[in-house]
Structures are given as C-alpha cells and as structure tokens.
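The structure appears below as structure tokens.
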2 protein chains.
Amino acid sequence: MSPWTSAVGAPQLARLLGSQHPRDAAAASPVEALNGGRRVPAYRALADGVRLLLLEGRVPVAARLPAERELAAALTVSRTTVAAAYEALRGEGFLESRRGAGSWTAMPAGSPLPTRGLDPLPPEAAASVIDLGHAAPPAPEPWLTRATRGALEELPPYAHTHGDYPAGLPVLRQALADRYTARGIPTMPEQIMVTTGAMGAVAATCRLLVRPGERVAVESPSYANVLQLMREAGARLVPVAMTDKLAGWDIPAWRQVLGAAAPRMAYVVADFHNPTGALATEEQRRSLVDAARAAGTVLIADETMTDLRLDDVAMPRPVAAFDPAGSNVITVGSVSKSFWAGLRIGWVRAAPDIIRSLVAARAYADLGTPVIEQLAVAWLFNTGGWEEAIEVRRAHARDNRDALVDAVRRHLPDWEFTVPHGGLTLWARTGGLSGSRIAETGARLGVRVPSGPRFGVDGAFEGYVRLPFTVAGAVADKAAARLAAAADLVATGATAEAETPRTWVA
Amino acid sequence: MSPWTSAVGAPQLARLLGSQHPRDAAAASPVEALNGGRRVPAYRALADGVRLLLLEGRVPVAARLPAERELAAALTVSRTTVAAAYEALRGEGFLESRRGAGSWTAMPAGSPLPTRGLDPLPPEAAASVIDLGHAAPPAPEPWLTRATRGALEELPPYAHTHGDYPAGLPVLRQALADRYTARGIPTMPEQIMVTTGAMGAVAATCRLLVRPGERVAVESPSYANVLQLMREAGARLVPVAMTDKLAGWDIPAWRQVLGAAAPRMAYVVADFHNPTGALATEEQRRSLVDAARAAGTVLIADETMTDLRLDDVAMPRPVAAFDPAGSNVITVGSVSKSFWAGLRIGWVRAAPDIIRSLVAARAYADLGTPVIEQLAVAWLFNTGGWEEAIEVRRAHARDNRDALVDAVRRHLPDWEFTVPHGGLTLWARTGGLSGSRIAETGARLGVRVPSGPRFGVDGAFEGYVRLPFTVAGAVADKAAARLAAAADLVATGATAEAETPRTWVA
C-alpha cells in the first residue's frame, strides 16, 4: 500500500550486518565479514544478511533501507553489489521499491513473521518442526477449564454493566493487592491496575513516563519484546551488562550508569531474569533501588517469572520491599509465564497517584482488559487453584529444564551456559558461532530458536541462543541433535547452499 | 513520584479556557469570558476552568502548566490571579509543584478519572447517579453466557498450545472473513488481524502508518478516544467538519482537505457516525475513497457501529467495497458496541501485506488478544447466535433512543438535534450554553454526560453534549429533567455556588 514508516541508516545497517559474524570481528572490511568465509558472491551474502536481519525482527518491516550509493560506501563494496543484492531481495519479496520513495523492507506471503518469541508455525509445519521460539508452555489443565467455569458463574452481575473497567475488576485488584500484602509489601487495591499482559503494563508505564529521546537503562541481555517496545516509545536504551554466571547484576556498573546517565526509567527482571535465569540477591535489590532513588530513576521491576522457582532456593523479598515509600519502584506482573499466555492478564503495582494517571492514559490505548479472563484469574487466586496450578507448571518446567540441559550437554559439548534455579529459559553461548545463522539453519533442519541479538541492544549477543523449558525427553534430545547439525553447517560455511528460504513453507 | 510528561503552553491553555464559554466569544478579554457572567473572583473562575479541562481529559494528567507569568500574559490578568488559582488547585489536589520543575496537573484521590466515555462511578454513587457517560450497553444475555459456554467447549485443544496468537485464532479470522465476503467484499482470513477492541485496531494501524508530525484527517466531531490516541501517536489532526443534519460528509470539503494536506491517513465512521449518528451514502463512500486514493491517503473505515441499524433504512455497501484492489482502505471493527465492551474483541481487515506488517509490529504492544473471548465471538458468528443477539441489542437501543428523544424534547425544548437512524448516540446542541459546564453541573445533580469538546479538535463543540441510547422510560425522563436543571443553573450563572467537587464522592 505504501512506503516506509521508519528508516535504517547506512552506518546502522553496516553495523548490524557486521555483528552477524562475531568470529570475523577482525575482518578487514564489513564485506569480508559479510562473506564469513562462505564461497558465495558478495551480493548474495549481502542479500542473505539483510534477509536475516529482517526475519529476526532486528530490521523492522516497512523500514526504508539506505540508498544503494550510501550503503555501498558504508560497506566499502561497489554500488553494483548493493544493486544486485537489492534486486535479489525484491525478487524474493523482502524489498519493495518505488521511484522517488526509495526501497523499504517487506515480508513475502508465506514467510514466518519476524519478531516475538517467534510466531506460531503454519499448521502443516507444526508436526515436523520443534518450536523452541516461545518460552510459553501450555495451560496447566484442568485449572484453565476450572477457572473459566468459575468465571462463568461470577459473570451475570458483570453482564449487566457496560463491561468497561479501565483499572480492572475490583475483585481482581483486591486479590492482587492481597497477594502482595501476603508477600510482605502491604498493598491496597488502589495500587493495582489490571492490564493486557505484562507488555500492556510496561507499555502503559512507558506512555506515562518516557518521552521520545528519554534514556531507559536495561539489563543486557533483556526481554526482547520489552526492548523493542521501549525503542518504539522513543526511548534511548542504555544497556548495563549482566555478569557471567548467575551473579547477574553488576552493582558498581549500575551505580555508574544510573549516576552518569540519570535515566528516566530502568527495567529489571530480578526474579529468574529473562533470558539468563539469574535471581537477584536482597543486597542487589536494595542497591538497585538505592541507586535508582539517588539518580531520580523510576525502577520497573518485572515479576513475570517470580512464581517459576524450580529449585529449592530461598526467594528474596520483592524489589518493591526496598522502596517502602512507594516513590521509586513500579512493579509489573503477568500470568502469561506462570499460568497461560492465552489469558493475557497482567498488572501494575504502584503508588495510587501513579495508578490513577496510568488508568487515565489508558483511554488512548486498549481501554481495558477483558472481563471473563479477569474473573478466571480472580477465581484462581481466591480458591487456592493458583497454587496448585503453579505446582503443576513448576514440575513440568523442572523436568523440561533437566532434559534440555542433558541433551545440550550431550549434543553440543562446547556450548556454555549456567543452569538457572528458575524461570523458563537457558541462555547458551554457541561456541563462537553466529546465533543468527544457527537460528536460520536450524529452522531449515526442523528446530526454531531465537538468536541472542533479539535480547540485546545494537546487535549484541550474536554468539548466543535462547532455549526454553518447553519440551521434554525425546523431543528435547531431537531438538539438541538438530541444533548440533545446524551448528556443524554454520561452522563449515555450508549454510548458503540451501537457497530455499524455509523448507516448511514448501 | 515525578514531574510532568507533557506540557500545555500558555496560548493553548488560554484558547482552551476561552472555548468554555461559547456565548462570550465576543468578550473583550479571555478573563472576561472566563468569568462567564458569574460573580466569582477571577482566580476562582480560572481555577474552575482548569479543573474542568482536567476532569474532561482535555488537559492530560501529569502535564506541565505554563509558568504563572506566561499564563497571566496570555489571559491578560494579573500574576496574582494566576498564583491564587494555582494555589487553589494545589489545595484541591489538582496541581503539584516542585521548585525548579514547575507545576503539573494531578488527580486527587477519590476523583472520578478523566477521559474515556467517562469512567465507572464508585459503587456508592451508582444508585443515585444516572451515568450517560458510556455509549456501551450491558451484554445481550443470555448470549454472553451461551457464547462463553461455547468457548469453554472449544477450549481444550487451545489449552495445549502456548496460547500466543498474534494474528488471532484461525477460527475467528475465518469467521470474520466469511462475514465480509457475505457482505459483498470477498475476504480471506489472511486479510484479518484480531485485536483488543477497535481501539487496538486503530492503535496498531497508527503504529504502522503514522510517524510523529504526520497529518491525519478526521471528521469533526469524531470518536473522542480515537482522536486522543492519534494525538498521542504524534499525529497532527486535520478536522473536516460534518455538515448539519444527517447529510454528514461534506465531500467538496473532504476533496479540498485531502488534496491540500495530503494526509497520511484519514479516519471515518461512515456507518452511524459517533457521535452524530450520520450514515454515509454510497456516493459519499465512493467519493471519499476516490479522494483518498488521489491524495495518497489511507482511509481507515471504522465499522464499530455498523450492526446498529435501528430504523428500516437500506444499508450502503461497506467503504471497502469501493476499493476493490484493497490498496487504499483499511477497515476496523469491534463487538464492543454491537455486543459487549467487556469482551474487548476488535479486528482489522486489510490487504494481506498490511496485515503481516501489523502483526509483526504487535510484538511491541499487547502481543495478542485473549483466547477465550475469541472463541466466544467465533461461537456467536458460527452458530447464528450473533444475529439473534444483535436483534435484542437493536430493540433495546431503539426503545432507549425513542425514550431519550421524547424526554429531551419535553424537558429541553431549545436543545437541537437530528434523530439518527442507527448507532448509539444523540448529538445535541445545548441552546448556546457551555456543554462543559452542563456536564460539570449535571454531575452534581446526578447525571453524567460527556461534553462536546471531547469529540472535537482544539476545543470545538463547546455548545454540545452527547447522549447515549442506554437508558429507557422513567430513567431517561429523570436524566433529561436533571440535565434541564443543570442547564438552568448554567444559564443563570449559579453553578459556582456548589464548591464541593462531586456530591457522589462525599
């Protein structure tokens, strides 16, 4: 229908392309890195690289690409090479051009969609492809069905209203407040807004607090969709590296960054961090809150993973416990990981004045969260069903984690990772190979994984993939075997031979 | 927690304050208009005006107000007057100030929230206040309960998945596509994305198409929440006046505006327009589409009201029927008005490439729409329950409309309006009185209505209120009687006597 809505500059595109080849960091030129030792024409390597960025969501759909001349200069290749690459991308449906309007990225029909955990497979592929794209397991039945039946019984009085509850149903706000109070942080219903998932909670907070150009400090790596949401809100992301192993938060680095950049907001997942699985200590929590307060930064604590403790470790107090005045911490939560993503119920806990502003601002977004799902979650909380459902979920995730760790250790002995005590993901270093290329090649071999750069700022973590605790036993073994085959192909530079974009589309 | 996130300039605030008094347009100075003939001190009139703008959502919460000196200059009043007004607002909790950071708007605890249709009343007030804030009726039972039971039966296979369907459930996409096909515009499921309400649909479209500063043409008046959503997206709204009566769309004006401004997008509600209830003719639809195509404008056709035909009028073909190539029209729809707002199910119909881009971009917003609600709506469409439910809804809306029209004619004989053939709202000209003041005074007398300026750009329509078809019989009569009492108080300038902000809060 129309041209581009955002633009990718030539230096940015060159940097993103260069980051696809971590082992070639010392290459003399971006194009040498682009080729990555593969015997393919330079234009083909360039087209492959752009396609990959697009399929991974690192270059958005409908983004204007640089003019051929500019990109040629940034990559130190001939303009002919860029023209041939663009022509190839046009032929494959990944690029559209119009005289006077330039060229912009597109998604050909039949392509899997970029971004997100990865999108659902087409039905014809679901049988043959192991999908490790989503860190989201099935619903812990029979609890979903029981909760929906419970909701149905509570529905009649609500059906007589207009159904529009911008702050959430009072019964659910009360239940959520009670849960926080029971965890040691006294909370009133006026401190709760129900949202459409944790993403809705973070989006609402960004709308209120982040003006375009504003700085937001984030863990590096961090939750991919939140990073992209913040970019779309105009935030300038300031990454703070997580330390290796599960120590996680490098407090001196956080102090330094918050002190120097004084960001408007900082976003942390202190409980079983996504993707590393790290669990912040109480001391780290206290230090993060203190540093945020000193810098005038609002700390967003995402508790989406909090209920997913898989080992017998002591749970530290919530981040908000270290901000008793409620002046510096906003907590967001969700049932998507601990119960089921299909419910789309999340929430914000904050000071009452912040909640009022968030609710007021909601008119310009989604207006409200569906009633039946809210009743179902309130039913779970108020009947004790939640605790039983979570036990089921934890047991499955624990089994899946152990099966995955075992399978990866056997099939990919040079991949490095630390086994987390909770959460839903393993963050694996891929032995120096490009995670993006492993992801692309894996997809051809019947296993889908998201590559590391989805979780980083500006192309970081190319040498990583994220593996979720969603498959067990023989499936985990087969997934690891396919990833090992993909890694072999990437290591030998043989990946360019299969030119068909995706076997499951055929 | 923190200072402002947006700012209101002194000239803008002066204009907004001036627009509250349409009868005083000829007043010598804004402050004279501000006083509006009432015998109250100037500072009190100014504080009242600002509070009113805030309660109506025309000045956002957490917005920085101009410095006292600047506002004094813009209003040609003394700085002492502005200082006293700000001090009064601070005392009432509507303003916060911090040295060096200025003053910003706030909502005191216990206040009804601004924006939206108007927000739900606190329970203690619901019995005594007639709420005409929402143009959203209760669910047409037993259909909501039946549909939810139907959803529960379909749920098991979905419960075994991760529950994450960014484009919507295939069964609902198919049902929606079939409904368009049956209406004469052949549609494939690939042309449908399910969203969280029509607001989610418009928000997604804005994210894809509207860059900050981009022009968007809108009907004037138009749907309040969409106007605000577009402002938040950075759009520069270009209003095109609706003609009086139900002729609605002034095609020469649309041609002129689209030709001259070449906006990126135009938003129209061609079926029972909100708030006027106008229904565009086929010729008007064809002309709007042709003008949009000629200007390179994407036309967003909101069909939220389409099913709400109340009289025996012929329904024109959908706007999209006049764009058979699918290159210029995006249709959005929702069950919120025709069935129940508590479901929060909406959708987009567009060309498959647009849908793919919208779905890809969704990762940075709400991720997806709840599964159970989607199954419930699919059940309604696939069983014929939808048609039966809609008949119930139409019959109620028709009765309510007739009761409302009758009551307003009796109690407010100088109010002018045209009775629409469908939709859910009456757009009433308030006999030269300020709609904002009638709304404020009405709230004290036990009737809540949204004032005209919510539906306009830059303070237009001060002399209007919107009345929804949501009450019948004696309640409609009582509502009109209370509005008449409010109008009397406004006309005699006696409104400032009741200083308590809202009787139902007490």
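The values are calculated or read from the model by the stated rules, or taken from the named source; none is laboratory data. Please read these numbers as outputs of a predicted model, since none were measured by experiment. FYI the Cβ positions are ideal-geometry reconstructions off the backbone, even for glycines, and counts take in every protein chain you see. Keep in mind that these areas ignore ligands, DNA and RNA; they rest on the heavy atoms of the full protein, side chains included. Shrake-Rupley method; radii C 1.70, N 1.55, O 1.52, S 1.80 Å.
If you go through the range A:66-106 and keep only what is open to solvent by less than 10 Å² (accessible area, probe 1.4 Å), among the hydrophobic types (A, V, I, L, M, F, W, C), closer than 25 Å to B:Ala360 by Cβ and away from chain B (no Cβ under 14 Å), you end up with A:Leu71, A:Val82, A:Ala85, A:Leu89.
Return the residues of the range A:463-479 that are crowded, with 24+ Cβ neighbours inside 10 Å and of a type outside the set (Phe, Trp, Tyr); say none if nothing qualifies. Working first, answer last.
The first filter runs over the range A:463-479 and keeps only residues crowded, with 24+ Cβ neighbours inside 10 Å, leaving A:464-470, A:476, A:479.
Those that are crowded, with 24+ Cβ neighbours inside 10 Å and of a type outside the set (Phe, Trp, Tyr): A:Val465, A:Arg466, A:Leu467, A:Pro468, A:Thr470, A:Ala476, A:Ala479.
Evaluated against (1) β-branched (Val, Ile, Thr); (2) within 30 Å of B:Ala135 (Cβ to Cβ); (3) open to solvent by 10 Å² or more (accessible area, probe 1.4 Å), A:Thr181 falls short on exactly one condition, (2).
May I ask you to list pairs of residues, at least six apart or on different chains, whose Cβ atoms are under 6 Å apart, with the first in the range A:347-358 being touching a residue at least 24 places away in the same chain (Cβ under 8 Å) and at the interface with another protein chain (Cβ under 7 Å from one of its Cβ atoms) and the second being β-branched (Val, Ile, Thr) and buried (at least 23 other Cβ atoms within 10 Å of the Cβ)? Close Cβ pairs (under 6 Å, with a partner that is β-branched (Val, Ile, Thr) and buried (at least 23 other Cβ atoms within 10 Å of the Cβ)) amount to A:Ser357/B:Val61. Residues that are open to solvent by 10 Å² or more (accessible area, probe 1.4 Å) and more than 16 Å from B:Val475 (Cα to Cα) within the range B:400-422 comprise B:Pro413, B:Asp414, B:Trp415, B:Glu416, B:Phe417, B:Thr418, B:Val419, B:His421, listed in sequence order.
Just to be sure before I move on: is A:Val194 modelled with pLDDT of 90 or more, in contact with a Lys or Arg (Cβ under 8 Å, 6 or more places away or on another chain) and either open to solvent by less than 40 Å² (accessible area, probe 1.4 Å) or assigned to a helix (DSSP H, G or I) (or both) in the structure I sent? It is true that A:Val194 is modelled with pLDDT of 90 or more, in contact with a Lys or Arg (Cβ under 8 Å, 6 or more places away or on another chain) and either open to solvent by less than 40 Å² (accessible area, probe 1.4 Å) or assigned to a helix (DSSP H, G or I) (or both).
Does B:Gly456 fit the bill of being in the same structural domain as B:His396 (by TED's automatic domain parsing), open to solvent by less than 10 Å² (accessible area, probe 1.4 Å), of a type outside the set (A, V, I, L, M, F, W, C) and modelled with pLDDT of 85 or more? If you could, list the steps in order and put the result at the bottom.
Details: in the same structural domain as B:His396 (by TED's automatic domain parsing): yes; open to solvent by less than 10 Å² (accessible area, probe 1.4 Å): yes; of a type outside the set (A, V, I, L, M, F, W, C): yes; modelled with pLDDT of 85 or more: no.
In short, no.
Quick check: anything in the range B:390-399 away from chain A (no Cβ under 14 Å), among the acidic types (Asp, Glu) and under 26 Å from B:Ser222 (Cβ atoms)? Among the residues of the range B:390-399, not one is away from chain A (no Cβ under 14 Å), among the acidic types (Asp, Glu) and under 26 Å from B:Ser222 (Cβ atoms), which makes the answer no. Residues in the range A:150-207 that are more than 9 Å from chain B (Cβ to nearest Cβ) and at positive phi: A:Gly168, A:Gly184. The set of residues in the range B:132-149 that are modelled with pLDDT under 95 and facing chain A (nearest Cβ under 7 Å) comprises B:His134, B:Ala136, B:Pro137, B:Pro138, B:Ala139, B:Glu141.
Taken together, the criteria exclude B:Ala167 from residues that are in the same structural domain as B:Leu343 (by TED's automatic domain parsing), modelled with pLDDT of 90 or more and not in a loop (DSSP other than H, G, I, E, B). Taking A:Met242, is it assigned by TED's automatic domain parsing to the domain that holds A:Thr181 and crowded, with 18+ Cβ neighbours inside 10 Å? Yes, satisfied. With the condition kept exactly as written, say whether any residue in the range A:216-239 is open to solvent by 20 Å² or more (accessible area, probe 1.4 Å), closer than 21 Å to A:Ile345 by Cα, away from chain B (no Cβ under 14 Å) and basic (Lys, Arg). Within the range A:216-239, not a single residue is open to solvent by 20 Å² or more (accessible area, probe 1.4 Å), closer than 21 Å to A:Ile345 by Cα, away from chain B (no Cβ under 14 Å) and basic (Lys, Arg).
Residues in the range B:447-476 that are assigned to a loop (DSSP other than H, G, I, E, B) and small (Gly, Ala, Ser) were compared, and the one that is nearest to the other protein chains (Cβ to nearest Cβ) is B:Ala472.
Applying the set (1) outside any helix (DSSP H, G or I); (2) touching a helix residue (DSSP H, G or I) at 6+ places or on another chain (Cβ under 7 Å) to A:Pro212 leaves exactly one unmet item: (2). Within the range A:359-382, the set of residues being open to solvent by 10 Å² or more (accessible area, probe 1.4 Å) and more than 8 Å from chain B (Cβ to nearest Cβ) comprises A:Trp379, A:Phe381, A:Asn382.
The listed residues are B:Ala72, B:Ala62, B:Ala33, B:Ala27, and the only one of them that is modelled with pLDDT of 90 or more and hydrophobic (A, V, I, L, M, F, W, C) turns out to be B:Ala72.
One residue is enough: does the range A:416-430 have a residue meeting the conditions more than 18 Å from A:His273 (Cα to Cα) and at pLDDT below 90? There is no residue in the range A:416-430 that is more than 18 Å from A:His273 (Cα to Cα) and at pLDDT below 90.
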